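Take a look at the structure set out below.
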2 protein chains.
Amino acid sequence: MKLTTEQLRAFDEQGYVFMPGCFSDAEVALLRSEAEAILGQRRQEVWREKTGAPRTAFAAHTYNEAFRLMAHHPRLVEPLQQLFGEPVYVHQFKINAKAAFEGDVWQWHQDYGTWARDDGMPEPRAMNIAIFLDEVLPINGPLMLIPKSHRHGTLMAGHDRSTTSYPLWTLDNDTVRRLAAEAAPAGGVGIVAPTGRPGSVLMFHGNLVHASPPNITPYPRKIVYLTLCAVSNHITRFNRPDWIAHRDFTPIVPVEDDALTRYAQARQVAA
Amino acid sequence: MKLTTEQLRAFDEQGYVFMPGCFSDAEVALLRSEAEAILGQRRQEVWREKTGAPRTAFAAHTYNEAFRLMAHHPRLVEPLQQLFGEPVYVHQFKINAKAAFEGDVWQWHQDYGTWARDDGMPEPRAMNIAIFLDEVLPINGPLMLIPKSHRHGTLMAGHDRSTTSYPLWTLDNDTVRRLAAEAAPAGGVGIVAPTGRPGSVLMFHGNLVHASPPNITPYPRKIVYLTLCAVSNHITRFNRPDWIAHRDFTPIVPVEDDALTRYAQARQVAA
């Protein structure tokens with residue numbers, strides 16, 4: 001799958017591309033049930049909220065076949081090969097749970113800020129692909145983005161180790177206020193929160209400023225974040241465990257477009 | 001102002017009535033600037049978040065002329081006289097700040113649960129009228145309601161004194177999940193979050209289950225909550241300070257419909 005000229009222009013201007021309906025109901029049903037099983041496991045890759053609810057599961061593509069197929073999926077990999085003009089590898093793989101009632105905030109940040117500071121990634125030639133496993137609603141802790149903020153490079157940030165269970169390089173309020181004001185249309189709001197059905201996909205620039213609020217509703221909001229990095233731009237510091245910031249820089253060879261569908265069918269036959 | 005037959009039917013079925021554009025830009029501009037001044041004051045009626053940001057200001061109608069006029073406004077008072085079939089008095093008056101970046105959660109609760117348990121209010125013949133002073137967006141901590149939940153009477157609740165700076169009788173997650181499931185259309189979501197411009201008004205039943213998430217955006221979301229109670233249903237226990245749960249049961253005599261507009265004009269001339 002390739003991005004259209006219009007999508008490339010929108011990505012350049014706004015810093016993100018939203019693609020509803022990228023995965024089918026059957027593909028998502030498989031991924032959702034696998035994600036729920038993984039988030040229920042006690043293992044080092046599954047981090048928990050301060051309440052004990054699952055917060056994020058790392059590296060599921062290394063121990064789960066459905067997520068291995070997703071991380072190699074041409075609908076996700078090929079657009080990034082196209083954008084970076086070279087092969088890509090998996091830098092990070094997270095299933096963020098944003099559990100019903102307990103999913104906590106992710107403060108305002110740029111992902112590349114962490115990849116640069118913690119992992120020594122040379123350039124922001126990596127990006128996040130968010131795959132919605134549940135319906136993302138305005139009320140269940142949707143991802144919020146500040147359009148155009150990717151054009152400001154890597155902004156000053158402080159290392160927040162206390163707000164949630166996950167340490168993060170976060171931006172100060174004045175910076176967020178300024179970027180939102182710059183992004184706002186006249187009299188409008190400079191923050192967007194794409195919502196949509198399971199199977200929707202959101203690709204966003206490594207420097208795009210984003211956050212997500214707590215989820216106080218009964219509706220879970222699971223999103224997979226697949227981070228793909230240009231192979232020539234691989235990380236150079238290994239401060240974080242290799243199941244958080246991967247050290248296998250082998251170029252991804254995409255699977256067939258129907259690989260997830262066939263795997264879901266095979267699982268159903270076996271069941 | 002009187003509610004229409006259609007509004008009365010919707011209130012009975014859904015537990016709330018939303019009225020966009022109830023107050024004009026000029027009326028709201030006055031109220032917003034007065035609210036900001038009050039929230040900046042150090043006084044016992046202004047409660048703060050754990051961060052120090054203003055959370056809620058009580059009883060502003062007793063020490064501010066603009067809010068005195070609002071608490072006596074016919075667009076708010078007359079619909080409740082109509083609903084209760086008798087005169088009403090002010091049981092509580094709050095300006096909830098939901099400050100930019102710092103406005104914290106209000107957990108799931110019923111207001112009448114507190115009025116009954118803490119104040120000895122005999123029946124749920126009082127209700128909240130929310131007047132939007134800022135634009136309420138999906139992203140800045142909107143009020144969330146569970147439609148039809150007012151039909152379940154007063155539900156079991158626990159007294160939460162730790163989550164925020166404000167003690168509240170809150171519902172457990174299983175109850176919220178069940179009520180939302182009952183309210184949901186087939187395949188849909190059983191929670192609504194009315195959004196709209198400043199000057200919009202939301203009236204909701206004292207037993208309607210509601211909550212609001214934290215505000216992590218640069219956009220403040222100030223709402224006035226005017227609680228009017230049928231005079232014959234006045235409270236019978238005086239556990240809380242009289243600037244939180246008022247003890248003056250004098251029936252409200254509404255002011256003229258243009259009282260706020262004229263006061264705003266007079267202030268501008270004087271300025």
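For the stretch B:184-204, indicate whether the set of residues that are part of a helix (DSSP H, G or I), out of contact with any Pro (no Cβ under 8 Å at 6 or more places or on another chain) and within 14 Å of chain A (Cβ to nearest Cβ) is non-empty.
Checking the stretch B:184-204: not a single residue is part of a helix (DSSP H, G or I), out of contact with any Pro (no Cβ under 8 Å at 6 or more places or on another chain) and within 14 Å of chain A (Cβ to nearest Cβ).
Find the residue count for the stretch B:95-128, including only residues that are more than 23 Å from residue A:191 (Cβ to Cβ) and touching a Phe, Trp or Tyr at 6+ places or on another chain (Cβ under 7 Å).
Adding up the residues that qualify gives 10.
Restricting attention to the stretch B:220-227, does a residue exist that is touching a residue at least 40 places away in the same chain (Cβ under 8 Å), within 25 Å of residue B:141 (Cβ to Cβ) and within 14 Å of another protein chain (Cβ to nearest Cβ)?
Looking for residues that are touching a residue at least 40 places away in the same chain (Cβ under 8 Å), within 25 Å of residue B:141 (Cβ to Cβ) and within 14 Å of another protein chain (Cβ to nearest Cβ), one finds at least one in the stretch B:220-227, hence yes.
Does the stretch B:241-271 hold any residues that are modelled with pLDDT of 95 or more and among the charged types (D, E, K, R), and which are they?
Selection gives B:242, B:247, B:248, B:256, B:257, B:258, B:262.
Report yes if residue A:166 is of a type outside the set (Asp, Glu), in a strand (DSSP E or B), more than 13 Å from chain B (Cβ to nearest Cβ) and in contact (Cβ under 8 Å) with a residue 12 or more places away in the chain, otherwise no.
For residue A:166, the condition - of a type outside the set (Asp, Glu), in a strand (DSSP E or B), more than 13 Å from chain B (Cβ to nearest Cβ) and in contact (Cβ under 8 Å) with a residue 12 or more places away in the chain - is not met.
From (1) in contact with a Gly (Cβ under 6 Å, 6 or more places away or on another chain); (2) free of Cβ contacts under 8 Å to residues at least 60 places away in the same chain, pick out the condition that doesn't hold for residue A:208.
Only one criterion in (1) in contact with a Gly (Cβ under 6 Å, 6 or more places away or on another chain); (2) free of Cβ contacts under 8 Å to residues at least 60 places away in the same chain is unmet by residue A:208, namely (2).
Has the stretch B:67-85 got any residue that is of a type in the set (S, T, N, Q), in contact with a helix residue (DSSP H, G or I) (Cβ under 8 Å, 6 or more places away or on another chain) and closer than 30 Å to residue B:266 by Cα?
no
One residue is enough: does the stretch A:6-20 have a residue meeting the conditions outside any helix (DSSP H, G or I) and touching a Lys or Arg at 6+ places or on another chain (Cβ under 7 Å)?
Yes, the conditions are met somewhere in the stretch A:6-20.
Going through A:157, A:193, A:183 one at a time, which residue ends up being touching a helix residue (DSSP H, G or I) at 6+ places or on another chain (Cβ under 8 Å), within 23 Å of residue A:137 (Cβ to Cβ) and either aliphatic (A, V, I, L, M) or at pLDDT below 95 (or both)?
Criteria check complete, one pass: A:183.
Just to be sure before I move on: is residue A:176 within 14 Å of another protein chain (Cβ to nearest Cβ) and part of a helix (DSSP H, G or I) in the structure I sent?
yes
Mind checking which residues of the stretch B:24-67 are part of a loop (DSSP other than H, G, I, E, B) and surrounded by 17 or more Cβ atoms within 10 Å (Cβ to Cβ)?
Result: B:45, B:49, B:53, B:59, B:64.
Considering only residues that are hydrophobic (A, V, I, L, M, F, W, C) and either over 19 Å from residue A:231 (Cβ atoms) or in a helix (DSSP H, G or I) (or both), which ones fall in the stretch A:73-101?
Listed by number, the residues that qualify are A:76, A:77, A:80, A:83, A:84, A:95, A:97, A:99, A:100, A:101.
Would you pick out the residues in the stretch A:102-127 that are over 13 Å from the mean Cα position of the chain (by Cα), outside any loop (DSSP other than H, G, I, E, B) and closer than 22 Å to residue A:220 by Cα?
A:107, A:108
Could you list all residues from the stretch A:205-238 that are touching a Lys or Arg at 6+ places or on another chain (Cβ under 6 Å), part of a strand (DSSP E or B) and either more than 21 Å from residue A:67 (Cβ to Cβ) or among the acidic types (Asp, Glu) (or both)?
Listed by number, the list holds a single entry, A:230.
Kindly check whether there is at least one residue in the stretch A:34-48 that is at pLDDT 95 or above, in contact with a strand residue (DSSP E or B) (Cβ under 8 Å, 6 or more places away or on another chain) and more than 30 Å from residue B:163 (Cβ to Cβ).
no
Considering (1) touching a residue at least 24 places away in the same chain (Cβ under 8 Å); (2) part of a loop (DSSP other than H, G, I, E, B), say which one residue B:70 fails and leave the rest.
(2)
Where the second residue is basic (Lys, Arg) and the first is within 15 Å of residue A:148 (Cα to Cα) and lies in the stretch A:178-200, which pairs have Cβ atoms under 6 Å and are six or more apart or on separate chains?
Taking only residues 6 or more apart or on different chains, the pairs are A:183/A:148.
Step by step: first the residues of the stretch A:165-197, then only those that are in contact with a Lys or Arg (Cβ under 7 Å, 6 or more places away or on another chain) and under 26 Å from residue A:54 (Cα atoms), then the one that is surrounded by the most Cβ atoms within 10 Å (Cβ to Cβ). Which residue is that?
Looking at the filtered set, the residue picked out is A:169.
Does at least one position in the stretch A:208-217 carry a residue that is at pLDDT 95 or above, farther than 28 Å from residue B:107 by Cα and more than 12 Å from every other protein chain (Cβ to nearest Cβ)?
Checking the stretch A:208-217: at least one residue is at pLDDT 95 or above, farther than 28 Å from residue B:107 by Cα and more than 12 Å from every other protein chain (Cβ to nearest Cβ).
So that you can scan it fast, the table gives a plain yes or no per residue for (1) within 30 Å of residue A:177 (Cβ to Cβ); (2) of a type in the set (Asp, Glu); (3) within 14 Å of chain B (Cβ to nearest Cβ); (4) in contact with an Asp or Glu (Cβ under 9 Å, 6 or more places away or on another chain):
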| residue | (1), (2), (3), (4) |
| --- | --- |
| A:55 | yes, no, no, yes |
| A:65 | no, yes, no, yes |
| A:71 | no, no, no, no |
| A:82 | no, no, no, no |
| A:99 | yes, no, yes, yes |
| A:111 | yes, yes, no, no |
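Identify the single condition in (1) at pLDDT 95 or above; (2) of a type outside the set (Lys, Arg); (3) surrounded by fewer than 18 Cβ atoms within 10 Å (Cβ to Cβ) that residue A:203 does not satisfy, given that it satisfies every other one.
Against the list (1) at pLDDT 95 or above; (2) of a type outside the set (Lys, Arg); (3) surrounded by fewer than 18 Cβ atoms within 10 Å (Cβ to Cβ), residue A:203 comes up short only on (3).
Given the condition buried (at least 19 other Cβ atoms within 10 Å of the Cβ), under 26 Å from residue B:217 (Cα atoms) and of a type in the set (Phe, Trp, Tyr), answer yes or no: does some residue in the stretch B:130-144 qualify?
yes
Name the single residue, out of those in the stretch A:138-163 being under 17 Å from the mean Cα position of the chain (by Cα) and farther than 24 Å from residue A:233 by Cα, that is farthest from the other protein chains (Cβ to nearest Cβ).
Residue satisfying both the conditions and the ranking: A:147.
The values are calculated or read from the model by the stated rules, or taken from the named source; none is laboratory data. Predicted model, so just to flag it, every value in this text is computed and none were measured. Virtual Cβ from ideal backbone geometry, glycine too; neighbours counted across all protein chains shown.
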